[in-house]
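Comments concern the structure below.
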Amino acid sequence: MNNISAENETSLLVIYTGGTIGMVKDPGTGSLTPIDFNHINEHVPILDKLRYRISHHCFDPPIDSSEVKPAFWQQLATVIGENYSRYDGFVVLHGTDTMSYTASALSFMLENLNKPVILTGSQLPMGVIRSDGRENFLSSLEIAAMQVDGTPLVPEVAIFFENQLFRGNRSTKFNAENFHAFVSENYPVLAEAGVHIRFNHAYIRKPNFRNLRVHSALGEEVAILKLFPGISHAVVASLLHSPGLRGLILETFGAGNAPTDDWFIRELQQAIERGLVICNVTQCKGGAVDMGRYASSLPLERIGVISGYDITTESAVTKLMHLFGQGYDAGKVKELFTLPLRGEITK
Ligand code: ASP
């Protein structure tokens, strides 16, 4: 029988990066602005009573997550890397807007992660009576502290939001208003919190007990092209000829389908011949790219567009950044992109 517990001596590092969860209304302008994390105990007094040893690290200044850039991910991965041996788990307080991008990026940057990195945030600021922030925060701490026979229960980058725990690189923000703001259509939730927190053990990554490797380098020469009916030649051509561009996520329709106009296929083919890596990712939140299922995806397959299978756009773009950051050439990037590196695709 496995002994699931969160021991008294469990140590957690809370990393406060900003976002609504730590915001207050500016009395002057009436708009939401970040507060100093030290004030968070005023809004969650029960924090003082928790039996874990909790330390915190605050980003200065805290940011709205729409300001997130690769340099922010490098800073976050470095904080986790430098504190890795001193804590049993990490809780990252983060704005919801780009939380899935950050969770995806971290999953690639933190190879051999054997401890929980739980991202959470809220739709309403912690200071507001009906805030979802307290619940999200407290459950995230609990999940980050949980162990089975002395081994962390969730040794991966995950997002906890509105009673659900998602694999970070499978999640996506789909609602700007509801408390139920994230989905993971192509991968089951890792846990569901009710009276008890019920873990979906079969879907949680197993620890590999190797040493953590932090891959800080990210290649930023990537772009996303979302197709829409009527997209013009000029728009497609200008993006494909962007100076320095090395990788493109082509957001296609349905099961990876796209227009078959000669100019469109020719532009993509010439870009691939110039060395661009083009990945086919569906605009749908659920399901997978299946090039060849419809005639409208056959030309893409023929010219060497690679399949993203059931990957999210957030995961695809950060995976490309990670792979280019490793210094791989286009051939190696294509090969690794189609493999599940951190459980981000089903194959
Ligand atoms: N704009 C905020 C952010 O992403 C929204 C939130 O925190 O949920 O930082």
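What follows draws every value from the coordinates through simple rules; no lab data is involved. Since this is a predicted model, take the numbers as computed values, not measurements. Here the Cβ is made from the backbone with ideal geometry for all residues, glycine too, and neighbour counts use every protein chain on show.
Figures for the structure shown
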{"quantity": "Residue among Leu239, Cys284, Ile249 farthest towards the positive dipole end of segment 214-295, charges placed on Cβ", "calculated": "Cys284"}
{"quantity": "Net length gained if the chain between Glu335 and Glu111 were fully extended (0.36 nm per residue, minus Cα distance)", "calculated": "78.8 nm"}
{"quantity": "Highest-MSF residue in the chain out of Gly287, Gly89, Gly168 [GNM, Cα springs under 10 Å]", "calculated": "Gly287"}
{"quantity": "Packing-based exposure ordering (other Cβ within 10 Å, fewest first) of Glu251, Glu177, Glu42", "calculated": "Glu177, Glu42, Glu251"}
{"quantity": "Distance cut-off 22 Å, percentage of C-alpha pairs in segment 200-276 lying past it", "calculated": "43"}
{"quantity": "Sorted peptide list for 204-216, 232-244, 289-301, criterion being average Cβ within 10 angstrom, highest first", "calculated": "289-301, 204-216, 232-244"}
{"quantity": "DSSP bridge pairs, segment 183-324: antiparallel proportion in percent, nearest 5", "calculated": "25"}
{"quantity": "With Cα atoms, 0 to 90° folded angle of helix 313-325 axis to the chain main axis", "calculated": "80"}
{"quantity": "The chain: most fluctuating residue of Ile80, Ile40, Ile306 per GNM, C-alpha cutoff 10 Å", "calculated": "Ile40"}
{"quantity": "Lys, Arg +1 and Asp, Glu -1 on Cβ, resulting dipole of segment 51-200 about Cα centre, debye, nearest 20", "calculated": "220"}
{"quantity": "Pairs of Cα atoms farther than 26 Å apart, the chain, %", "calculated": "50"}
{"quantity": "Under the Debye formula (equal points on every Cα, no solvent term), log10 I(q)/I(0) of segment 144-277 at q = 0.09, 0.12, 0.18 Å⁻¹", "calculated": "-0.47, -0.74, -1.04"}
{"quantity": "Alpha carbon centroid spacing (whole Å) that separates segment 307-342 from segment 118-141", "calculated": "32"}
{"quantity": "Pair Asn38, Leu225: separation of 7 Å Cα→Cβ label points (nm)", "calculated": "5.1"}
{"quantity": "Rounded to whole Hz, the Karplus (6.51, -1.76, 1.60) HN-Hα couplings of segment 58-68, x for glycine and proline", "calculated": "10, 6, 10, x, x, 10, 5, 5, 6, 8, 4"}
{"quantity": "For segment 114-119, 3J(HN,Hα) per residue [Karplus equation, 6.51 cos²θ - 1.76 cosθ + 1.60, θ = phi - 60°, Hz, x = Gly/Pro]", "calculated": "10, 10, x, 10, 9, 8"}
{"quantity": "Sequence-separation-based contact order of segment 61-122, relative, with Cα cut under 8 Å and 6+ spacing, percent", "calculated": "44"}
{"quantity": "Reachable lysines, given that their alpha-carbon falls under 19 Å from the alpha-carbon of Lys285 and they are not under 8 places away in the same chain", "calculated": "Lys173, Lys226, Lys319, Lys347"}
{"quantity": "Whole-number percent relative contact order across segment 206-347, with pairs defined as alpha carbons under 8 Å at least 6 apart", "calculated": "26"}
{"quantity": "Rounded tilt (10° steps) of 99-109 against the dominant C-alpha axis of the chain", "calculated": "80"}
{"quantity": "Packing-based ranking, highest mean first, of 180-188, 20-28 given that Cβ atoms within 10 Å are counted", "calculated": "180-188, 20-28"}
